[in-house]
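The values are calculated or read from the model by the stated rules, or taken from the named source; none is laboratory data. Model, not experiment: these values are computed from the prediction. Using ideal geometry, Cβ is built from the backbone for each residue, glycine included, and neighbour counts are taken over all protein chains shown. We work out accessible area using only protein heavy atoms, side chains counted, and drop any ligands, DNA or RNA first. Shrake-Rupley method; radii C 1.70, N 1.55, O 1.52, S 1.80 Å.
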Amino acid sequence: MSLIRVLVVDDEPLIAEAHRAYTEKIDGFTVTGVAHTARDAMAALRAGPVDLVLLDLNLPDKHGLEIARALRAAGSGTDVLAVTSARDIAMVRQAVALGVTHYLLKPFTFAAFRDKLDRYARYRSQLLAAAEVSAQHEIDRVLATLRGAPNDTLPKGLDARTLDLVVQALREAAAQGLSAAEVAARIGASRVTARRYLEYLADAGRVVRSPRYGGPGRPEVGYRPASTGGE
């Protein structure tokens, strides 16, 4: 899958550089430009294709949401992630109305930043994978991937701590993937338990299932992180 092209927009050069560096550390993303004003941002958007704008709202020449409004008016498919210190709920509502994909409050940790981009990458991958959906649950899954869900909404019998261990095991294995038995051995759980978490992640689009051959009998299922740079 091609890299997700990102435009960083922030009026503070040091902060813009930090956001650029953060983005470049995440697999599946590349920064195509950095802008410090709304005017420069619009020029960058006209100059070449951009998939995602990391948009500060407090720009010196124009409010950041004016950029989002201009994108929507032009029928652009470019997505916007607001990266701002603005906490006014009216501002949040306006951003949502203009199709802002995510809203990340400053200051934030790299982990929080990465989570937003990982979710966006998985969401984008699911949208590009099929021309249409066949059922309501597929739409719900795509939106849940983008927005995320609190830990207490995990299916009954699953807990966030074990889920994190499974995700970490898969990250360490990277492209080679792991079977349920291999995950179980790494996290100190039963194969049945590991498989429940792996199937949950697969249904959420966070991991990919694939058959693994190499021994007699039925092939086992392997699980690897989704190729978008997500978990």
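Each peptide among 32-45, 65-78 gets the average number of other Cβ atoms lying within 10 Å of its residues, and from highest to lowest they stand as 32-45, 65-78.
What the stretch 19-102 shows is 47 Å² of accessible area per residue, with the surface traced by a 1.4 Å probe over protein heavy atoms.
Surface composition of the stretch 27-88: carbon and sulfur make up 48 percent of the accessible area, probe 1.4 Å. Close amide H partners of residue 179, meaning residues 5 or more places away or on another chain with modelled amide H under 5 Å apart, are 223.
Against the empirical curve 2.2 N^0.38 Å, the C-alpha radius of gyration of the stretch 1-93 lands at a ratio of 1.02. A probe of 1.4 angstrom, applied to the heavy atoms of all protein chains, finds residue 25 with accessible area near 130 square angstrom. Calculated on C-alpha atoms, the gyration radius of the stretch 1-41 divided by its Kirkwood radius gives an Rg/Rh of 1.00. Averaging the Cα positions of each part gives two centres, and for the stretch 67-87 and the stretch 25-57 these lie 11 Å apart.
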